[in-house]
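Only one structure is covered here, and it is reproduced in the block below.
The values are calculated or read from the model by the stated rules, or taken from the named source; none is laboratory data. Fair warning: this is a prediction, and the values are worked out from it, not measured in the lab. Because the Cβ atoms are built from the backbone with ideal geometry, glycine has one as well, and the counts that use them run over all protein chains shown.
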Ligand SMILES: NC(=O)c1ccc[n+]([C@@H]2O[C@H](COP(=O)([O-])OP(=O)(O)OC[C@H]3O[C@@H](n4cnc5c(N)ncnc54)[C@H](O)[C@@H]3O)[C@@H](O)[C@H]2O)c1
């Protein structure tokens, strides 16, 4: 396999594993991969939504396997890899996509349990994915890893543990890319950095572990409501998951490492480089509070 060959990974008969596949971007990717003739292992922690989404794709003729998985748990991700191999014999494309928002409070006030939850899903989920699946991908003639970070994995804003976890996913993806080149393994890597997308992300607290202590005070609850409202407003102006899937497919086929989903954050990305070189403090990626207009 040559480095460029992973650009052919999206093709009939190849096997994709998508985490966070029951909803939003993961569902959009799963639908598109199935339509391309791939066999798709759909993993998600939300069983009813997963069964519904996988059933719908299967009714439309897709070859899918639904596996209930909490990506923050190493054993469950290892079991996911085993089930994928058991069903389809191998894996060509791993999409570490599951993610949650978490609290946007000042980070010194965020309870440890919420740090554990957000980093557990957003960062450890990707680490478990890489550790469980890379040995399988290395056996294939064509293989690729897509990690879902965020545009907030490029600049931080004030989104609490979320942007911190997403910066780690971006760094992990670059590290993985270099490691694969170091050992001469031509497995491809891309990191997806979406801007706003119309998904159920604004209600990701639905997956907050039941055993976490409730948010500590009313101020936190008020801020969470404000963040949700802000997210919903931006999200309503965002891309459709199917558009993101189109961009991902085109991005992998054309060998892109960074895959962005809109151009309206380009200025903020450029500015970040300048700030670093000039020693300047970070400018907010959008005015606070964010505008009601189409600046997503
Ligand atoms: N929607 C956006 O605007 C946006 C922007 C940038 C990045 N992202 C990223 O895109 C990814 C997908 O999010 P989305 O917007 O489609 O949201 P979504 O809530 O619609 O989908 C996320 C899916 O992840 C699943 N999930 C949550 N915790 C899980 C766990 N522990 N194990 C397995 N699955 C779990 C959820 O059940 C859900 O089906 C996330 O990583 C998110 O950070 C989203």
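For this structure, a couple of remarks:
- Look at segment 38-67: where a residue is farther than 19 Å from residue 95 by Cα and a partner is more than 14 Å from the ligand (Cβ to nearest atom) and assigned to a loop (DSSP other than H, G, I, E, B), sitting 6+ places away or on another chain with Cβ atoms under 9 Å, you get 56/62.
- For segment 14-58, filtering for residues that are in contact with a strand residue (DSSP E or B) (Cβ under 7 Å, 6 or more places away or on another chain), over 24 Å from residue 235 (Cα atoms) and in a loop (DSSP other than H, G, I, E, B) leaves 2.
- Residue match in segment 93-109 (condition: more than 15 Å from the ligand (Cβ to nearest atom), buried (at least 24 other Cβ atoms within 10 Å of the Cβ), at pLDDT 95 or above and within 18 Å of the chain's Cα centre (by Cα)): yes
- Qualifying position, being more than 21 Å from the chain's Cα centre (by Cα) and at pLDDT below 95, among 159, 138, 212, 237: 212
- Some residue of segment 6-18 being buried (at least 16 other Cβ atoms within 10 Å of the Cβ), near the ligand (Cβ under 7 Å from one of its atoms) and more than 19 Å from residue 87 (Cα to Cα): no
- Qualifying residue in segment 110-131 (condition: away from the ligand (no atom under 13 Å from the Cβ), over 30 Å from residue 14 (Cβ atoms) and assigned to a loop (DSSP other than H, G, I, E, B)): yes
Here's the yes/no breakdown for (1) within 13 Å of the ligand (Cβ to nearest atom); (2) free of Cβ contacts under 8 Å to residues at least 60 places away in the same chain:
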position	(1), (2)
163	yes, yes
176	no, yes
182	no, yes
191	yes, no
199	yes, no
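- Only one entry of 204, 149 meets the criterion of being near the ligand (Cβ under 10 Å from one of its atoms) and modelled with pLDDT under 95, and that entry is 204.
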